[in-house]
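So the structure is just underneath, and the comments pick up after that.
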Amino acid sequence: MASYRVVVVGGGLAGLSATMKLAELGAEVWLISLTPVKRSHSCCAQGGINSVNNLTRQLGDSEWAHFEDTVYGGDFLQHQPPVKEMADWAPRIIDLMDRLGVTFNRTPEGFRDQRRFGGTLYPRTSFAGATTGQQLLYALDEQVRRWEVTGHVRKFEFWEYLGPILDQNGVCRGCTIQDLVSMEIRTIPADALVIASGGCGVIFGRSTMSMACNGSAVSRTYQAGARYGNPEFIQVHPTAIPGSDKLRLMSESARGEGGRVWVPRKPQDPRPPHQIPEHERYYFLEERYPKYGNLVPRDIATREIFKICTQEGRSVEKDRLCVYLDLTHLPRELLDRKLGGILEIYEKFQGVDPRSVPMKIFPAVHYSMGGLWVDYERTAAGGLRVGSPRNQHTNITGIFAMGECDYQYHGANRLGANSLLSCIFSGLMAAPGILAYVKDGDQGARDRLPSSLFEQAERLHKERFQEFFRRPRDGDNPYLIHQDLGRVMTAAATVVRHNEELDRAYEKVLELEARAKRCALSDTGSWTNQNLVFARALEDMFPIAKAILRGARMRDECRGAHYKPEFEMPSITADDPAETRRQAEAWCDRFAENTRRWLKSTIATCDPDGEPTIHYEEVDTSLIPPRPRLYGVVGGQIIEEVWRERQKPQVAATV
Amino acid sequence: MTDSNGSQRQGSHRPREIRVRVRRQDGPGQTPYWETFLLPYEPDLNVISVLQKIAALGKDAEGKRVPPVAWECNCLEEICGACTMVINGRVRQACTALVDRLLEQQPDEIRLEPMSKFPVIRDLVVDRARIFATLKKIQAWVPVDNYLNLGPGPRQSQENQELAYLLSKCMSCGCCMEACPQYLKIEVPRLPGESEDDYRRREMEITNRAFMGAAALAQIDLFNSNPIGAMNARERLDVLIGEGGIQVCGNAQNCVKVCPKEIPLTTSIARMGRAATIHMVRRWFDL
Ligand SMILES: Cc1cc2nc3c(=O)[nH]c(=O)nc-3n(C[C@H](O)[C@H](O)[C@H](O)COP(=O)(O)OP(=O)(O)OC[C@H]3O[C@@H](n4cnc5c(N)ncnc54)[C@H](O)[C@@H]3O)c2cc1C
Ligand code: SF4
Ligand code: SF4
Ligand code: FES
């Protein structure tokens, strides 16, 4: 039997790919998950997974181009070597997933088929029907089950990770977990700990994410001293179906096929949509962006829909924010052929046929670019040294992080179909480094550790558990506090951010946190107590919520998903060529200054009282120099010209 | 009919309140009991949001404080398979059970029960470990040599991919097992003094002898039709014709009617039936 034990928290794509690779390399892996791993959030991903492929190569694509698109899409906020390595691995990862039996769509000749996604010119995205994430997850789940049968992997499903166990030198020696059925709390000694616990959308109340995405595992690791990178970068998807339990994703392809977004000119016009004549409809995206129309980039669509409902008060419904996404002018046959799968989702959950009645949609929190800070070891060529124990290593020795819960790959904004890739990549790539760390470490230390270390951790968590039962029964209801937290976070820290609002939100969150610490349980039993598990996860949402708000408050600029109108770069307003030129020069000066000041990772550390302390770190942009993202900026062309001229001498000097 | 919001739901029969009756059970082996909850009516709810509201409410219909109902869910999009329960007598996913629809069919109340073929853990939460154990028994995976870079998998026709995709959408929800007359509940009580590991091993032996269910039969079909999976097809066929295998299926076809993923279970079962016959004949002569 293997003698190195790695504990992996989370069985989504990242946790499972790490587990299967670690098992192959001979480690003993204990896998912890809130849900059976086959039910992890990764199964929700519909669109696909990116990689360069034989077809795109012949159109001029390359690993470098994929790397460049990712970095540009992320507004240059990510360290470049890990992204470069990921793009290099991508075609091999798709090949491997293909071997594992993923049912990728095929061309008539039997090759894998690919489609085009946002933020690129090439059809890089492999897909398996309308449920790519599910199919990838299942392939990995199956492999891990295989290792379970051989005894290399032991699963703890319906168990919750409560926190790491650090020795007196601050080195991680294991973790504490709780059985969500029997409520038993126990510790497990380990040579290394991997956090692969996914995103934190539940902090925003409802989002496109699953119920397990509450950020608790990350928060507990952050509270134990791990640094958290770029908390303020939260991606909001423009079109989701508002539901009272969840905001379900409505794919961009609905607009791609000709869907039109509108609101009645008369706010909250009570007539059903088909009775509102054309001239009384406000196709605001088409009117405001005649060039792009309904297909403006994601962040712009999101902002406009948000603004029209909040600031302009034009939501279709009085007590719920939404706009129409209208497909009813398109032939049914076309809709069925091209959009069948996603229209069925709408029909299934709304009970309404979107082919005959316009859909109601609104933006929703979708992805967290930020996450646990992790290290990497760079090669001279600008990639990663695979096998280095520094890769995916947090600042706590012995704790690694990967998947949506790390901050490494997507910068200020994630491109579609890149997340499934970063999850599988980080899991596979990090495994040999984790094993190198474990082997290099204090051999056999696990058995020599004082038992008091574990007893103390167990006592601490049992005490925290018992404390809930001692609370007065008339305290606040945790579910209602959570709803309030979601409302505050969604209003202040999603699409549009203002400093005064962020300040107010912070105050409000502190108040909610105090109430959450006194909240009362309606279930005081010690068997499958979901009430307690929820209340405890709620408490742990606050440190992350505060890091998000503080990070957003301090970053006085616009970058990727972080938008503060007060600090928006101006458009070019002049017509006269000389003046236009002068304005473009001034624009570039300001851009250069802003880059110097703000092209930095936000790093939050958690103080003992749960407050974040923020500092900034330089970003490795040595491979592709930062340049303005000019999507939709008036005068973009002249700005680009000026910017290019300025870059020339620099490039010459560095060669 | 179209209401003011343009939806096609009936506006006139909306009640002021929704009555929800839940079959509760405090733990394994305990006696189940019914509890009723009242919620103000809202449009566009599903059973998950009803359960969330019950949790937030914390009271039953008489205003008595009661612990929230325990239930399982994750994706809320009918893709993770977690939220299976019996709703108004029919096994299905709670996240796609729309309240307005349920009220149209049965206006007086919504009835929620745990699945009956799996041991209850608490309230609507049941223990479905057996489903995953069966996947081990049938070797539901592609036995690749390693995870190194060895190029792509074999080329496949669109037709093959489409069939495989249909089968590989199985989310292990258990609906087909709940509906199947041949799939029986197994509850293995722990013996006094038995260790956790011993208990699990004994439980596994017992479940492995019981009927594997329609989902597992379709998974054998899936992996035996995969070009690499086919390389150990014989081992899967041995399991297929072994104890708890295909011969237990009475061809009642209930399974296919309740599968939320519309997996062509009975087509797979028929194909597996033929494969089983051929395999048996072959084994007969080989031995
Ligand atoms: C609707 C939707 C569609 C998407 N579509 C795409 C797409 O087309 N392409 C793309 O690239 N990306 C897409 N994404 C993003 C992508 O799906 C996710 O970023 C990715 O699946 C995250 O995987 P993961 O392995 O990091 O975590 P997850 O899959 O979220 O898994 C997290 C795991 O951690 C466990 N866990 C969490 N907390 C604890 C705890 N305290 N204790 C124990 N276990 C814990 C959970 O049980 C789970 O097993 C989409 C996202 C959404 C919401
Ligand atoms: S066809 Fe077989 S598996 Fe399906 S319900 Fe009938 S007996 Fe059960
Ligand atoms: S076959 Fe269908 S009903 Fe049965 S477990 Fe799979 S998805 Fe559920
Ligand atoms: S919650 Fe995932 S299937 Fe219903």
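The values are calculated or read from the model by the stated rules, or taken from the named source; none is laboratory data. These figures come from a predicted structure and were not determined experimentally. Cβ sites come from the backbone with ideal geometry, for glycine too, and all protein chains shown count toward neighbours. Accessible surface is based on the protein model in full, side chains and every heavy atom, while ligands, DNA and RNA are left aside. Shrake-Rupley method; radii C 1.70, N 1.55, O 1.52, S 1.80 Å.
Where does helix B:158-167 land angle-wise versus the long Cα axis of chain B, in degrees 0 to 90, nearest 10?
In chain B, helix B:158-167 runs at an angle near 60 degrees to the longest axis.
Starting from the amide H of residue A:76, placed 1.01 Å from N in the peptide plane, find each other amide H under 5 Å away whose residue is 5 or more places distant or on another chain.
A:412
Hey, what do the phi angles of segment A:595-604 turn into as Karplus ³J(HN,Hα) couplings, whole Hz, using 6.51/-1.76/1.60 and θ = phi - 60°, x for Gly and Pro?
Once θ is set to phi - 60°, the couplings for segment A:595-604 become 5, 4, 7, 10, 6, 8, 6, 7, 10, 9 Hz.
Please report, in cubic angstrom per residue, the volume enclosed by the convex hull of the alpha-carbon atoms of segment A:467-549.
Working: hull volume 6.7 nm³, N = 83.
In segment A:467-549, the Cα hull volume divided by residue count equals 80 Å³.
Where a ≥ b ≥ c are the square roots of the eigenvalues of the C-alpha gyration tensor, would you call segment A:237-364 rounded, which needs a/c under 1.5, or, failing that, prolate if a/b is larger than b/c, or oblate? Intermediate values should be presented prior to the final figure.
On the way: a/c = 1.26, a/b = 1.22, b/c = 1.04.
In terms of gyration-tensor shape, rounded.
If I model a spin label at residue B:88 and residue A:575 as a point 7 Å from the Cα along the Cα→Cβ vector, what separation in nanometres do I get?
Inter-label distance under the simple model: 6.5 nm.
Helix-derived [θ] at 222 nm for the protein assembly as shown: sum -39500 (n - 2.57) over DSSP H runs of at least 4, divide by residue count, nearest 500?
-12000 deg cm²/dmol
Taking the square root of 5 times each eigenvalue of the Cα gyration tensor, what semi-axes in Å does the equivalent ellipsoid of chain A have, largest first?
On the way: eigenvalues 299, 180, 138 Å².
Sorted largest first and rounded, they come to 39, 30, 26 Å.
Which entries in the list A:21/B:169; A:246/B:257; B:59/B:257; A:84/A:338 go over 31 Å, if you measure between the two C-alpha atoms of each? Spell out each step's value before the answer.
Details: A:21/B:169 24 Å; A:246/B:257 27 Å; B:59/B:257 36 Å; A:84/A:338 34 Å.
From A:21/B:169; A:246/B:257; B:59/B:257; A:84/A:338, over 31 Å: B:59/B:257; A:84/A:338.
Enumerate the amide H contacts of residue A:154 below 5 Å, restricted to partners 5 or more residues apart or on another chain; note that Pro and chain-start residues carry no placed amide H.
Sorted by chain and number, the residues that satisfy this are A:29, A:30, A:31.
Could you state, as a whole-number percent, how many of the C-alpha pairs of chain B are farther apart than 27 Å? Walk me through the numbers before you get to the answer.
Values: 20775 of 41041 pairs.
Percentage above 27 Å: 51.
What is the mean number of Cβ atoms from other protein chains located within 10 Å of the Cβ atom of each residue in peptide A:127-135, rounded to a whole number? Please report the intermediate quantities before stating the final value.
Values: counts 0, 5, 6, 3, 7, 0, 1, 7, 4.
Counting Cβ atoms of other protein chains within 10 Å of each residue's Cβ and averaging gives 4.
Once you place label points 7 Å from the Cα toward the Cβ at residue A:291 and residue B:238, how far apart are they in nm?
6.7 nm
Give, in nm to one decimal, the length gained when the segment between residue A:265 and residue A:440 is fully stretched (0.36 nm per residue of separation minus the Cα-Cα distance).
On the way: separation 175, 0.36 × 175 = 63.00 nm, distance 6.76 nm.
The span from residue A:265 to residue A:440 would gain 56.2 nm if fully extended.
Quote the total accessible area buried by chains A and B together, excluding ligands, DNA and RNA, probe 1.4 Å, nearest 100 Å². Could the numbers behind the result be given before it?
Values: alone 26540 and 16200 Å², together 36140 Å².
In total, chains A and B hide about 6600 Å² from solvent.
Run the accessible area of chain B with a 1.4 Å probe and give the carbon-and-sulfur part as a rounded percent. Mind dumping the intermediate values first?
Values: 6600 of 12880 Å².
Carbon with sulfur: 51 percent of the solvent-accessible area.
Can you tell me which of B:114, B:68, B:143 moves the most in a GNM of chain B? Springs connect C-alpha atoms under 10 Å apart.
Greatest mean-square fluctuation among the candidates belongs to B:143.
What FRET efficiency would be calculated for the residue pair residue A:474, residue A:390, taking the C-beta separation as r and a Förster radius of 45 Å, to the nearest 0.05?
On the way: r = 51 Å, r/R0 = 1.13.
My answer for the efficiency is 0.30.
By how many nm would the segment from residue A:278 to residue A:336 lengthen if fully extended, with 0.36 nm per residue of separation less the alpha-carbon distance?
Contour length minus Cα-Cα distance gives 18.4 nm.
Which trypsin sites (Lys or Arg not before Pro) in segment B:25-119 pass both tests, a DSSP loop state and at most 14 other beta-carbon atoms within 10 Å? Working shown, then result.
Values: sites: B:53, B:59, B:64, B:65, B:90, B:92, B:101, B:111, B:117; in loops: B:64, B:117.
Answer in residue order: B:64.
Where Rh is the Kirkwood radius over the Cα pairs of segment B:128-284, the temperature 37 °C and the viscosity 0.692 mPa s, what D in µm²/s does Stokes-Einstein return?
On the way: Rh = 16.7 Å.
For the chosen part, D equals 196 µm²/s.
Each residue of segment B:221-226 in order: what ³J(HN,Hα) in whole Hz does its phi give by Karplus 6.51 cos²θ - 1.76 cosθ + 1.60, θ = phi - 60°, with x for Gly and Pro?
So the Karplus estimates, Gly and Pro as x, are 4, 4, 6, 6, 9, 6 Hz.
Just to confirm a number: summing +1 for Lys and Arg and -1 for Asp and Glu over residues other than residue B:153 whose beta-carbon lies under 13 angstrom from that of residue B:153, what do you get? Show your work: numbers first, answer last.
On the way: positive: A:92, A:99, A:106, A:112, B:155; negative: A:95, A:98, B:145.
Local net charge: +2.
In segment A:13-29, which residues give up 50 Å² or more of accessible area once the other protein chains are added, compared with their chain alone (1.4 Å probe)?
Buried-area filter returns A:24.
How about residue A:648: which aspartates and glutamates have a C-alpha closer than 13 Å to its C-alpha, ignoring those fewer than 8 places off in the same chain?
Within the straight-line limit of under 13 Å, residue A:648 reaches these aspartates and glutamates: A:640.
What accessible area per residue comes out for chain A, rounded to a whole number of Å², with a 1.4 Å probe?
Numbers: 23250 Å² over 655 residues.
In whole numbers, chain A has 36 Å² accessible per residue.
Please compute the Kirkwood hydrodynamic radius over segment B:5-122, one decimal place, Å, based on all pairs of different Cα atoms. Walk me through the numbers before you get to the answer.
Details: mean 1/r = 0.0672 Å⁻¹.
Result for segment B:5-122 stands at 14.9 Å.
Residue by residue through A:151-163, how many Cβ atoms from other chains fall within 10 Å of the Cβ on average? It would help to have the intermediate numbers written out before the result.
Numbers: counts 0, 0, 0, 0, 1, 0, 2, 5, 0, 0, 0, 0, 0.
Whole-number average of other-chain Cβ neighbours for A:151-163 is 1.
With a point put 7 Å past each Cα toward its Cβ, work out how far residue A:318 is from residue B:278 in nm, to one decimal.
Label at residue A:318, label at residue B:278, 6.7 nm between them.
Taking the alpha-carbon distance from residue B:136 and a cut-off under 17 Å, which lysines remain once sequence neighbours fewer than 8 residues away in the same chain are dropped?
Straight-distance partners of residue B:136: A:38, A:155.
Counting only protein heavy atoms and a 1.4 Å probe, tell me what percentage of chain A's accessible area is made up of carbon and sulfur. Each step should come with its number before you reach the end.
On the way: 11960 of 23250 Å².
Exposed carbon and sulfur together represent 51 percent of the surface.
Tell me, how many Å apart are the Cα centres for segment A:182-234 and for segment B:155-202?
Each part's Cα centre sits 29 Å from the other's.
How far is helix A:132-149 tilted off the main Cα axis of chain A, in degrees rounded to 10, range 0 to 90?
The helix A:132-149 is inclined about 10 degrees to chain A.
Are any of the pairs A:291/A:600; A:508/A:564; A:318/A:360; B:53/B:185 more than 22 Å apart by Cα-Cα distance, and if so, which? The partial results should precede the final answer.
Numbers: A:291/A:600 33 Å; A:508/A:564 20 Å; A:318/A:360 13 Å; B:53/B:185 31 Å.
Exceeds cut-off: A:291/A:600; B:53/B:185.
DSSP beta bridges in the protein assembly as shown, what fraction antiparallel, as a percent rounded to 5?
Working: 65 of 86 bridges.
Antiparallel: roughly 75 percent of the beta bridges in the protein assembly as shown.
Which far-off residues, 5 or more places away or on another chain, put their amide H under 5 Å from the one on residue A:373, with H placed in the peptide plane?
Answer set, sorted by chain and number: A:227, A:228, A:229.
Choose one answer from B:250, B:193, B:174: the residue with the largest mean-square fluctuation in a GNM of chain B with alpha-carbon springs under 10 Å.
For chain B, modelled as a Gaussian network with Cα springs under 10 Å, the answer is B:193.
Say the dipole of the protein assembly as shown comes from +1 at the beta carbon of Lys and Arg and -1 at that of Asp and Glu; which of B:70, A:6, A:290 then lies farthest toward its positive end?
Value: B:70.
Normalising by the residue count of chain A, find the relative contact order in percent from Cα pairs under 8 Å and 6+ residues apart. Walk me through the numbers on the way to the answer.
Working: 1326 pairs, mean separation 124.3, N = 655.
In percent, rounded to a whole number, it is 19.
Given the options B:248, B:144, B:47, state which has the largest fluctuation in a GNM of chain B using a 10 Å cut-off (strictly under) for Cα springs.
Between B:248, B:144, B:47, it is B:144 that shows the largest mean-square fluctuation.
Tell me, what ³J(HN,Hα) does each residue in segment A:411-418 have, in order and in whole Hz, if you take phi through Karplus 6.51 cos²θ - 1.76 cosθ + 1.60 with θ = phi - 60° and put x for Gly and Pro?
Taking θ as phi minus 60°, the curve returns x, 8, 6, 9, 7, x, 6, 9 Hz for segment A:411-418.
Which Cys residues of chain B have no other Cys Cβ less than 4.7 Å away and so no disulfide-compatible partner by this rule?
B:95, B:170, B:173, B:175, B:180, B:249, B:259
Are there residues in segment B:126-152 whose accessible area shrinks by at least 40 Å² when all protein chains are included rather than the chain by itself, and which are they (probe 1.4 Å, ligands and nucleic acids not counted)?
B:132, B:136, B:141, B:142, B:144, B:147, B:149, B:152
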